[in-house]
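Nothing in this text is a laboratory measurement; each read-out follows from the coordinates by a stated rule. The structure presented is a predicted model; accordingly, all values stated were derived computationally and were not measured. For neighbour counting, all protein chains shown are included, and Cβ atoms are generated from backbone atoms with ideal geometry for every residue, glycine included.
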Amino acid sequence: MRARERGRTQRTEPVITGTGRTRLDQPRTTRPGLITLPTYDPEAFGKLSERIARFLGTGRFIVWMTIVVVVWVGWNTLLPDEVHFDDYPFIFLTLVLSLQASYAAPLILLAQNRQDDRDRVNMEQDRARSDRNIADTEYLTREVAALRQGLGEVATRDFLRSELQSLLKEIDERRDASEVL
């Protein structure tokens, strides 16, 4: 069955709903005949990789790794030959350490990528917060300027006091002039 969508021909498989009708507006989720791979939760895998990367970056990991290597080398050199499982060039130890390193590097990179994503989101939030603070500051600056202009037209206490004093002097002068007449 073919459906025409946005100028492209797209093959869709009917999806049966509870009413027995087919839905052509939803894409197929699986392809019949192919092997389906297991799914995993990327968030859980990312958290696990971060925990492992955090452990790999600690002194505790270095101490445990040193103990394992010392015990490994001691076991294969100091004990009798019958119990050795990895003789002198320690090929198996090299293989184990290489395997550990081959898994550690991608896990550390994955943890760093997740941290970079978190840092990017935090920077965007900080930038947005900074922009809001700048806008608020500019608004308050305009408001203060408007208040100052408005206060320039309002009578201040000193202005009223000087006007009242001049009126009192004028009244006193008129009273003195009327008493003289």
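Of note:
- For the stretch 48-78, no residue has its backbone nitrogen under 16 Å from a point 7 Å from the Cα of residue 98, taken along Cα to Cβ.
- Per-pair calculated FRET efficiency, R0 = 41 Å: residue 153 and residue 112 via Cβ, rounded to 0.05: 0.10
- Spatial separation of Cα centroids for the stretch 38-60 and the stretch 73-150, in angstrom: 11 Å
- Other residues lying with their Cβ under 12 Å from the Cβ of residue 169 contribute a combined charge of -3, Lys and Arg counting +1, Asp and Glu -1.
- Between residue 58 and residue 174, the distance separating the two model label sites (each 7 Å from Cα on the Cα→Cβ line) works out to 9.2 nm.
- Over all Cα atoms in the stretch 104-181, the spread is summed up by Rg and Dmax: 33.2, 112 Å.
- Listed peptides 36-49, 108-121 by packing density, highest first (mean Cβ within 10 Å): 108-121, 36-49
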